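> Starting off with a structure, shown below.
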Amino acid sequence: MLRSCSQNRPRTVGLTLTPRSRAGGNKLQCSVRQVHNPPPWRPAYSLDQWVAKEARPISLRQLMVFGRTLTEARLISSANYVRTELPTRLAHRIRDMQTLPYVVVTNPHISQVYELYYKAFESLRKVPEIKTLDDNGRFCEKVSHTLHEHLTVIPKLAMGVLECRNLMRPEDMDKFMNTILRSRISRRVIAEQHLALTETFHSPYHFQDAQSREAEFVGEVLVKCNAKEVVTRCGHEVAALASTAYGPFTKLPAINLSGHLTATFPYILSHIEYIIGELLRNSIQAIVEKQKITGYKGQPAPIEVTICEAQQHVIIRVSDQGGGIPRDILPHIWSFSKGPRSHELLENLEKVPKMAATLQELKNHNPEGTSSPSPHSALDPVTHAAAEKLGHHNAAVHESSLASLSSRPPNLRLGMGLPLSRVYAEYWAGSLELHSLEGYGVDAFLQISKLGNKNEQLTMRASMDAV
């Protein structure tokens, strides 16, 4: 376990001079070696105290019930819950990183994540009890700053895992990544929920009759998330991105919806849009590339989306005829650390320094600094009107979780879409499965809890002890 090490400096540069023989005389060859020192030594006592605490998981229903009738006392209670939960959950993940092999922790990317986590832990654990709205305002500023500071965590973790893929068993590395990403989602959920409740409390609308807000958000939770509307919105957005990537004259498949089109369930919109957006993007990408290989010029076969509403679950099936997943890729689709395209993925990840944008943002800025069209501009008037009717004032500007993967061009492959989608699905006790028919297509099955009464699925220390 990593408990002590030398003083931390950003980099140590070693200069090596070696003789090199050439025709016409001997010359010296200069090589520069950069070494990233490990994290600095810190006393383990304070971390041990927080690791001894257990996280208190919550459900979507709890978030909704608690936030519907918002009072000053409830807001202060929410603040103190977040105040104790964030350092507790950070402490468990820091300890997980300390149990990694020493050579893995000294990887520059993982070491930087370790430092970010420890800085946040030290800052948040020292926050005193919140007793007033002014205390809560200062706490929200600290939380918001931490959320923005951690936008670099996912690409750094992904690059570190790919660089260390030969230093740990792939199964252990994937277990570590699943644990740390699930915990990251949990921290952002409770932090963003509290920030949204605080904003709602200080707005002039939170005293309206609760019945008039049935179709709206409670904090970050969409009370009645309609599967049909989500698929329609994501379909338009993904089609717009595909047209940008492949050209406006590329024929794209239609998206046909069938089944229980009125099915609703409570969910966090950015989560479900990320998953659906990723599944649709994969299908469109596979179909377009299949057309290029076969030279087919006609209208491609449509993507069939079927919505099934059961007593306790909603199941969304996405079926395409994109040729299926190649046999050499199929065993690695759920892995963060292995696969035949690791070097390509590593290069692509370097082009994504931060992951913050969402499908709800009005403008996504590309690396050249120009703005791409608003996601809502791709919607038909009826869907756009429905989105406006929701009246969620945070939807267009609130940065959330990992969702910038849903706004990148579909030709930039990071190898993280499906693994992250499964982490999102399983976080609220759902599931995501894929069935590939090589040469024909893929069926993806997303299962979601309809009632919102399942606790967030947190991975605690016991599951990491074997790593």
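> Between Val113, Val104, which is closer than 17 Å to Val161 by Cα, more than 22 Å from the chain's Cα centre (by Cα), open to solvent by less than 20 Å² (accessible area, probe 1.4 Å) and not small (Gly, Ala, Ser)? Quick ask: steps written out before the conclusion?
Working: Val113 fails: more than 22 Å from the chain's Cα centre (by Cα).
Of Val113, Val104, the one residue that is closer than 17 Å to Val161 by Cα, more than 22 Å from the chain's Cα centre (by Cα), open to solvent by less than 20 Å² (accessible area, probe 1.4 Å) and not small (Gly, Ala, Ser) is Val104.
> Conditions: (1) modelled with pLDDT of 90 or more; (2) part of a loop (DSSP other than H, G, I, E, B); (3) surrounded by 21 or more Cβ atoms within 10 Å (Cβ to Cβ). Ala444 meets all but one. Number of the miss?
Among (1) modelled with pLDDT of 90 or more; (2) part of a loop (DSSP other than H, G, I, E, B); (3) surrounded by 21 or more Cβ atoms within 10 Å (Cβ to Cβ), Ala444 violates only (2).
> Let me ask something additional. Of these, Met173, Met177, Met168, which one is open to solvent by 20 Å² or more (accessible area, probe 1.4 Å) and either over 20 Å from Tyr118 (Cα atoms) or among the hydrophobic types (A, V, I, L, M, F, W, C) (or both)? If you could, list the steps in order and put the result at the bottom.
Values: Met173 fails: open to solvent by 20 Å² or more (accessible area, probe 1.4 Å); Met177 fails: open to solvent by 20 Å² or more (accessible area, probe 1.4 Å).
Being open to solvent by 20 Å² or more (accessible area, probe 1.4 Å) and either over 20 Å from Tyr118 (Cα atoms) or among the hydrophobic types (A, V, I, L, M, F, W, C) (or both) holds for just one of Met173, Met177, Met168, which is Met168.
> Kindly indicate the residue of the range 271-308 that is part of a strand (DSSP E or B) and in contact with a helix residue (DSSP H, G or I) (Cβ under 8 Å, 6 or more places away or on another chain) and also farthest from Tyr246 (Cα to Cα) among those meeting that condition.
By that ranking, first place goes to Ile307.
> Of the residues in the range 250-270, how many are part of a loop (DSSP other than H, G, I, E, B), open to solvent by 40 Å² or more (accessible area, probe 1.4 Å) and touching a strand residue (DSSP E or B) at 6+ places or on another chain (Cβ under 9 Å)?
Within the range 250-270, residues that are part of a loop (DSSP other than H, G, I, E, B), open to solvent by 40 Å² or more (accessible area, probe 1.4 Å) and touching a strand residue (DSSP E or B) at 6+ places or on another chain (Cβ under 9 Å) number 4.
> Here is a further query. Are there any helices (runs of 4 or more DSSP H) wholly within the range 59-116 with 1 or more residues that are over 30 Å from Ile130 (Cα atoms) and at pLDDT below 95, and if so which?
Numbers: elements: 60-68, 72-98, 102-105.
Of the helices (runs of 4 or more DSSP H) lying wholly inside the range 59-116, those with at least 1 residues that are over 30 Å from Ile130 (Cα atoms) and at pLDDT below 95 span 72-98, 102-105.
> From the set of residues in the range 221-234 that are in contact (Cβ under 8 Å) with a residue 60 or more places away in the chain and in a helix (DSSP H, G or I), which is most open to solvent (accessible area, probe 1.4 Å)? It would help to see each step written out before you state the result.
Within the range 221-234, the first condition is being in contact (Cβ under 8 Å) with a residue 60 or more places away in the chain, and the residues that meet it are 221-223, 227-229, 231-234.
Next cut, in a helix (DSSP H, G or I) only: 227-229, 231-234.
Numbers: Ala227: 2, Lys228: 87, Glu229: 69, Val231: 4, Thr232: 32, Arg233: 24, Cys234: 1 Å².
My answer is Lys228.
The values are calculated or read from the model by the stated rules, or taken from the named source; none is laboratory data. Computed from a predicted model, the values in this text were never measured in an experiment. All Cβ positions, glycine included, derive from the backbone under ideal geometry; neighbour counts span all protein chains shown. Accessible surface areas use protein heavy atoms only, side chains included; no ligands, DNA or RNA. Shrake-Rupley method; radii C 1.70, N 1.55, O 1.52, S 1.80 Å.
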